[in-house]
Each structure stands twice: as structure tokens, then as C-alpha cells.
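Trainee: Dropping the structure in here first, questions after.
The values are calculated or read from the model by the stated rules, or taken from the named source; none is laboratory data. Keep in mind that this is a model prediction, so the values were computed, not measured. Methodologically, a virtual Cβ is constructed for each residue, glycine included, from the backbone with ideal geometry; neighbour enumeration extends over all protein chains shown. Just so you know, the surface numbers come from the protein's heavy atoms only, side chains and all, with ligands and any DNA or RNA stripped out. Shrake-Rupley method; radii C 1.70, N 1.55, O 1.52, S 1.80 Å.
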Amino acid sequence: MGLKPGLCVETQQPPVFGKGLKVKTLEDSFGRKFPYLRLSVTDVCNFRCTYCLPNGYQKTGKEQFLTLPEIERLVRAFAKLGTWKIRLTGGEPTLRPDFVDIARLVSNTPGIRKLAFTTNGYKLPEKVQSYYDAGLRAINVSIDSLNPANFHDITGHNRFQEAMDGVHAALDTGFEAVKINAVLLKGQNDNELDSYLEWIKNIPVSIRFIELMQTGDNQAYFKKYHLSSDVIKQKLITQGWQDTERREGAGPAVEYTHPDYKGTIGLIAPYAKDFCKSCNRLRVTARGDLRLCLFGEAGFPLRPLLQDDSQQEELQDSIMKAMQFKRSSHFLQQGDTGITPHLASVGG
Ligand code: SAM
Ligand code: SF4
């Protein structure tokens, strides 16, 4: 989409003018801007992915996740600060009985132009139309293997076909972006590159290969299964795949295309030098803590400011002020995983 005359260069929205009205943007001390929010709506998950929640979700008694009115106030404040893309995640976000209501509310918030979600595909074939109708337009489905038995070994669930049917249903429904997340696991699914490539030869799906990240809970697992995404990168280049320029508001993947394929490949390489330089996203946990980084040292509790409409200004100021604490990079290379036990706790 080209720029339209008369619109703000950055947001492509009409410029906001008015007496005493300040246009605020979220920017950190390294000049990075943050139009993208990843909002976790639950920590709960029904899967047991070996790299994330190998023993399944364990109840903590603190399952009081953000309510609809709290989410509405939160999203309104972020939109006022220039956020235009939101991804709903978790845990498994679709387990929330009010997931469709959340999606509708967020997509109807003035300023939010793109609503995405990440799911393990649970009940996707039957629910996908209701997700689209609620305003969701981009979907990432986690499918760590194209082999049903291997999928079962990794996720603890025999739901491979359901996830695959869900992907095809999402394409038929008209989702603008349909992506697959696959975590690269040495000796477990790293021999499946050719199967993934074969699959996307004729369908417009993008596969995101995500390099396994070390978290507080998976140290031994990480040592055993971590595989550098460079291995996949080299194989792609050898087969004629080419990297493309990053689009505005895009996620962390480096995108590869090939003229003979309808689908594309995205490589997410958190251990690569300069990975954090293009960081454009913030996170809010399901209990309303602002996280400046997936692997930060602290959360900024926003929930007390979400209790009524009168605190909108204070909420926006708190988010703005927190930006000064965003570090230039995570310190994963040094094995510093911050306060993140697993990605289900922060919305990976
Ligand atoms: N439950 C949903 C799902 O699995 O798609 C959404 C939440 S899940 C935390 C989001 C993404 O994070 C999934 O694609 C998952 O594979 C990925 N993930 C979880 N733990 C990870 C880790 N340690 N390293 C890399 N990716 C991870
Ligand atoms: Fe659940 Fe997603 Fe974690 Fe798998 S990766 S256990 S589906 S939250």
C-alpha cells in the first residue's frame, strides 16, 4: 500500500491536531519506536510442548487475568500512544471463553489497524470464521512437525490434523496473513525442512522457523536441542531462497522468498547479532504487567491504572516513562533469561 497524500508519514492516519492535544509516540532511549503490542490474555494452556510447558500448565491460584473492561482501557491507552498492531497470545489465547469478545473489542479500538493472534490450533477449523468476524486478520498457528507422531511427541497432543485443517480453513476464510510457527529442535524436527518447503510450494503460507530460546525452566533441554537458525539459513540460500527487505511493523523474522514457491520462510534468530536493533514491540502479560523485553528483569504493573476511565492520562504517562528502562538488547547470549520461566508466562 503506497502512502496517501495528507496522511501522517508514520501512521498513515490523518494527523491529529487540537488545542492542548499532544501527539505521543512510544520511543526508547535508543531511538526505537514501538507500534506493535503483544498482549497475553491467559497463561493457561492445554498443550505440553516440551520446550515450553513440558508438564502442562500448573494452576497457581492466581488465574485472575485481565478482564474485558481492563483490556479495553489498556488497548485504548496504547492506541493513543501510536500502537497500531496488536497480537493476542498466551498461554493458549483461544481457551478464554471470551476470546472472540476480546478480539472484537481490540479490533474496534480507534487506531488499531491490524489484529493478529498466535494459537496452537485448538478447535481452529470450527472457530476460525468467528475469529475472522471479530476482526482478526492475521494468524500464526504453531505446528512444530508435519509428522503426526512427531507433533504428538513435541506437543503432548494428537491434534496435528486439527491444526492443519485450521490452517486451510483460515486460508479459505480470507485471513490476510497465515503463518506457521515451528521451533527448531536438534534431532527432533530439523530433518523436516524439505517437507515444509514441499508443503508451501503451492499455498501462500509463511513458515516461521524459530530458534529455540533458553528460558528459566528449560536450561538442560536447551543444551540438548538448541540448533542455530544459521543451519536452515544456509540450506535455504543453497536452494535459491533470497532474503527480503523488512516491512514496517513487521515481526522479528527475516523473510525469505523463492520464485518457484507460493509460500515464504521467516527465520527468527534471537541469538543473531543485532537481533534487538530492530525491536518494535512491547508486551503486556495476562495480569497486566508491561514487559519491555521477552527476557526483561522486571514488569511494570499497569493493572491498578486499568480500574476506571479516569486514569487514562496516568496510564499513558506510566507507559511512556517505562520506555527509558528498555535495554538495548536481551542478554540471552550470556544465558541471562531474566524473569521468564517459560514463554507461556509472558506471551511468546
Ligand atoms: N499457545 C500458543 C502457541 O503455541 O502458538 C501461543 C503462545 S506460545 C508461547 C507462542 C510461540 O512461542 C509458539 O509458536 C511457541 O512455539 C513459541 N515458543 C514457546 N517457547 C519457546 C522457546 N523456548 N523458544 C522458542 N519459541 C518458543
Ligand atoms: Fe502451550 Fe503454546 Fe507453550 Fe505449546 S508453546 S505449551 S501451545 S503456550
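Trainee: Testing the spin-label approximation: label points 7 Å from Cα along Cα→Cβ at S329 and D165. State their distance in nm.
Mentor: Calculated label separation equals 4.6 nm.
Trainee: Using +1 at the Cβ of each Lys and Arg and -1 at the Cβ of each Asp and Glu in the chain, identify which of G299, L39, G135 lies farthest towards the dipole's positive end.
Mentor: Value: G299.
Trainee: Could I ask something else about it? Is any residue of the range 168-210 close enough, with backbone N under 18 Å, to a label point placed 7 angstrom from the Cα of R113 along the Cα-Cβ axis, and if so, which?
Mentor: It comes to 176-177, nothing else.
Trainee: Sticking with this structure for a sec: At 1.4 Å probe size, what's the solvent-accessible area of H168? Round to the nearest 10 Å².
Mentor: Looks like 70 Å² after rounding.
Trainee: If each of K127 and S310 carries a label point 7 Å out from its Cα toward its Cβ, how far apart are those two points in nm?
Mentor: 3.7 nm
Trainee: Per q in 0.09, 0.15, 0.16, 0.20 Å⁻¹, report the Debye log10 I(q)/I(0) for the range 212-348, using one uniform scatterer on each alpha carbon and no solvent.
Mentor: Normalising to I(0) and taking log10 leaves -0.37, -0.87, -0.95, -1.23.
Trainee: Placing +1 at every Lys and Arg Cβ and -1 at every Asp and Glu Cβ, with all other atoms neutral, what dipole size does the range 47-98 have around its Cα centre, in debye to the nearest 20? Present the calculation step by step, with values, prior to reporting the outcome.
Mentor: Values: 9 positive and 5 negative charges, 34 e Å.
That gives a dipole near 160 debye.
Trainee: Kindly identify the range 209-249 as rounded, prolate or oblate by the Cα gyration tensor criterion: order the square roots of the eigenvalues as a ≥ b ≥ c, call it rounded if a/c is under 1.5, otherwise compare a/b with b/c, prolate if a/b is larger, else oblate.
Mentor: It comes out oblate by the Cα gyration axes.
Trainee: Please enumerate, by chain and number, the lysines with C-alpha under 17 Å from the C-alpha of K273, excluding those fewer than 8 residues away in the same chain.
Mentor: Filter leaves K233.
Trainee: Could you give the nm distance between label points at Q58 and R137, where each point is 7 Å from its Cα heading toward the beta carbon?
Mentor: Roughly 4.2 nm, to one decimal.
Trainee: Using only DSSP helix segments of four residues or longer, with each worth -39500 (n - 2.57), what per-residue ellipticity at 222 nm results for the chain after dividing by its residue count and rounding to 500?
Mentor: Here the helix-only value at 222 nm equals -7500 deg cm²/dmol.
Trainee: Between H152 and F222, 0.36 nm times their residue separation minus their Cα-Cα distance comes to what?
Mentor: Value of the extension gain: 23.3 nm.
Trainee: Another question, if that's okay. Restricted to Cα positions, what overall size does the range 264-319 have along the principal axes? Three whole-Å values, descending.
Mentor: Per principal axis, max minus min of the Cα coordinates gives 44, 27, 20 Å.
Trainee: Something else now. For the chain, with only Lys/Arg (+1) and Asp/Glu (-1) charged at the beta-carbon, what is the dipole magnitude about the Cα centre, in debye rounded to 20?
Mentor: 760 debye
Trainee: Measure of size requested: the Rg and Dmax of the chain, with Cα atoms as the atom set and Å as the unit; please supply both.
Mentor: Final numbers for Rg and Dmax: 19.6, 62 Å.
Trainee: For Y271, Y256, give the ranking by accessible area with the largest first, probe 1.4 Å.
Mentor: The residues order as Y271, Y256, largest area first.
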